[in-house]
Amino acid sequence: MIIAVFGASGRLGHQFIDAATVAGHTLRLHYRAKPSALVPEHSTVIVGSLADPTAVREVLRGADAAVVFLGHKDDARVPYIAAATKLIVNAMKALAMSRLLVVTGATVGESSGNLGLAMKITGAFARRSAHDGMMEDRDEQERLVRNSRLDGWTVVKPSRLTEGPRSDAVRMAPTLPVGMGSKVSRASLAKVLVQELEAPQYIHQSVFVAER
Ligand SMILES: NC(=O)c1ccc[n+]([C@@H]2O[C@H](COP(=O)([O-])OP(=O)(O)OC[C@H]3O[C@@H](n4cnc5c(N)ncnc54)[C@H](OP(=O)(O)O)[C@@H]3O)[C@@H](O)[C@H]2O)c1
């Protein structure tokens with residue numbers, strides 16, 4: 001499978017590149033600056049702005065699926081994720097692509113039914129202390145994907161991400177209790193993302209992810 005990766009330079013991006021390459025997939029990797037790390041031999045690197053429709057389209061060209069791992073820096077004040085996701089969705093439609101996996105977060109958007117009380121309170125504090133518009137950017141990203149009318153979208157909402165080793169005890173489900181102690185390593189998440197691309201189970205769904 002040829003997979004377009006947005007957020008390739010991030011920590012989850014690195015883990016996904018490893019997992020997808022081991023599984024034999026070919027990658028089209030987006031970076032906003034020339035990557036410092038080596039990329040897998042058969043992958044293609046596209047450097048450009050996520051605000052540039054031509055660059056976004058080039059990342060997607062010839063791909064069977066796209067994954068989005070974009071996040072905000074801690075000190076970020078300018079929302080960009082919803083706008084970039086909109087460009088990706090529109091370009092996918094123009095290219096007749098449908099399979100899209102977008103990673104957001106357990107406390108983003110619609111999630112209250114899955115969160116324990118402490119998580120809800122922590123999430124509310126995080127929202128109040130976040131810079132203006134940043135949480136709303138993520139909520140809007142989720143809304144855009146859910147309303148995208150793409151035939152193959154999945155929103156993936158992990159609990160806290162860690163740098164731990166890959167675990168086989170990972171649960172991914174539309175309904176999953178997420179508490180203060182819930183976590184999943186980026187390596188484990190990358191593995192289940194590759195599995196979801198290879199054998200889709202959650203088309204048109206939002207799914208939570210945590211290690212058991
Ligand atoms: N941390 C957690 O516990 C947690 C929990 C649940 C969900 N998540 C979500 O999981 C996803 C992956 O997380 P991660 O830890 O891999 O994130 P990360 O390491 O911070 O990577 C974020 C990615 O977003 C890109 N990015 C940041 N600001 C940008 C901008 N202004 N314009 C364009 N690209 C920009 C980065 O590119 P550069 O390298 O060029 O900056 C990088 O590729 C994110 O959506 C995150 O919110 C995180």
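If I ask for residues that are surrounded by fewer than 21 Cβ atoms within 10 Å (Cβ to Cβ), in contact with a strand residue (DSSP E or B) (Cβ under 9 Å, 6 or more places away or on another chain) and within 16 Å of residue 11 (Cβ to Cβ), which ones from the stretch 33-71 would you list?
Of everything in the stretch 33-71, those that are surrounded by fewer than 21 Cβ atoms within 10 Å (Cβ to Cβ), in contact with a strand residue (DSSP E or B) (Cβ under 9 Å, 6 or more places away or on another chain) and within 16 Å of residue 11 (Cβ to Cβ) turn out to be 35, 39, 71.
Quick test for you: out of 138, 146, 128, pick the one residue that is free of Cβ contacts under 8 Å to residues at least 40 places away in the same chain, within 16 Å of residue 109 (Cα to Cα) and out of contact with any Asp or Glu (no Cβ under 7 Å at 6 or more places or on another chain). So that I can check it myself, show each step before the final result.
Details: 138 fails: free of Cβ contacts under 8 Å to residues at least 40 places away in the same chain; 146 fails: free of Cβ contacts under 8 Å to residues at least 40 places away in the same chain.
Exactly one of 138, 146, 128 is free of Cβ contacts under 8 Å to residues at least 40 places away in the same chain, within 16 Å of residue 109 (Cα to Cα) and out of contact with any Asp or Glu (no Cβ under 7 Å at 6 or more places or on another chain), namely 128.
So residue 28 clears everything in (1) under 18 Å from residue 95 (Cα atoms); (2) within 13 Å of the ligand (Cβ to nearest atom) except one condition, right? Which one?
(2)
Collect the residues in the stretch 102-126 that are away from the ligand (no atom under 14 Å from the Cβ) and under 23 Å from residue 174 (Cα atoms), keeping them in residue-number order. Give the derivation first.
Here is the first cut: in the stretch 102-126, the residues away from the ligand (no atom under 14 Å from the Cβ) are 110, 112-113, 116-118, 120-121, 124-125.
Within the stretch 102-126, 110, 112, 113, 116, 117, 118, 120, 121, 124 qualify.
Under 7 Å between Cβ atoms, which residue pairs at least 6 apart in sequence (or on different chains) link something in the stretch 7-25 that is over 19 Å from residue 73 (Cα atoms) and away from the ligand (no atom under 14 Å from the Cβ) with a partner that is among the β-branched types (Val, Ile, Thr) and not in a helix (DSSP H, G or I)?
So the pair list comes out as 20/3; 25/3.
Has the stretch 143-152 got any residue that is surrounded by 15 or more Cβ atoms within 10 Å (Cβ to Cβ), farther than 29 Å from residue 170 by Cα, at pLDDT 95 or above and more than 13 Å from the ligand (Cβ to nearest atom)?
No, every residue in the stretch 143-152 fails to be surrounded by 15 or more Cβ atoms within 10 Å (Cβ to Cβ), farther than 29 Å from residue 170 by Cα, at pLDDT 95 or above and more than 13 Å from the ligand (Cβ to nearest atom).
How many residues are surrounded by fewer than 18 Cβ atoms within 10 Å (Cβ to Cβ) and in a helix (DSSP H, G or I) when one looks only at the stretch 72-86?
2
Sort out which residues of the stretch 153-165 are out of contact with any Lys or Arg (no Cβ under 6 Å at 6 or more places or on another chain) and within 15 Å of the ligand (Cβ to nearest atom), and write them in order of number.
The initial filter retains those residues of the stretch 153-165 that are out of contact with any Lys or Arg (no Cβ under 6 Å at 6 or more places or on another chain), namely 153-158, 163-165.
Within the stretch 153-165, 154, 155, 156, 157, 158, 163, 164 qualify.
So, residue 139, is that one within 23 Å of residue 90 (Cβ to Cβ), among the acidic types (Asp, Glu) and within 13 Å of the ligand (Cβ to nearest atom) or not? It would help to see each step written out before you state the result.
On the way: within 23 Å of residue 90 (Cβ to Cβ): yes; among the acidic types (Asp, Glu): yes; within 13 Å of the ligand (Cβ to nearest atom): yes.
The answer is yes for residue 139.
Looking at (1) hydrophobic (A, V, I, L, M, F, W, C); (2) out of contact with any Ser or Thr (no Cβ under 6 Å at 6 or more places or on another chain); (3) closer than 23 Å to residue 136 by Cβ; (4) part of a loop (DSSP other than H, G, I, E, B), can you tell me which one residue 106 breaks?
Unmet condition: (2).
Can you tell me which of (1) under 22 Å from residue 196 (Cα atoms); (2) crowded, with 20+ Cβ neighbours inside 10 Å; (3) more than 19 Å from the chain's Cα centre (by Cα) is the one residue 89 doesn't meet?
Condition not satisfied by residue 89: (3).
Please enumerate the residues belonging to the stretch 72-101 that are within 11 Å of the ligand (Cβ to nearest atom), farther than 16 Å from residue 13 by Cβ and out of contact with any helix residue (DSSP H, G or I) (no Cβ under 8 Å at 6 or more places or on another chain).
The answer is 74, 75, 78, 83.
Please verify whether the stretch 111-119 includes one or more residues that are assigned to a helix (DSSP H, G or I) and surrounded by 19 or more Cβ atoms within 10 Å (Cβ to Cβ). Don't jump to the end; show me each part of the working.
Looking only at the stretch 111-119, we keep the residues that are assigned to a helix (DSSP H, G or I), and these are 112-114, 117-119.
Retained after the next criterion (residues that are surrounded by 19 or more Cβ atoms within 10 Å (Cβ to Cβ)): 114, 119.
Scanning the stretch 111-119, I find at least one residue that is assigned to a helix (DSSP H, G or I) and surrounded by 19 or more Cβ atoms within 10 Å (Cβ to Cβ), so the answer is yes.
The values are calculated or read from the model by the stated rules, or taken from the named source; none is laboratory data. These numbers were taken from a predicted model, which means no experiment stands behind them. Cβ sites come from the backbone with ideal geometry, for glycine too, and all protein chains shown count toward neighbours.
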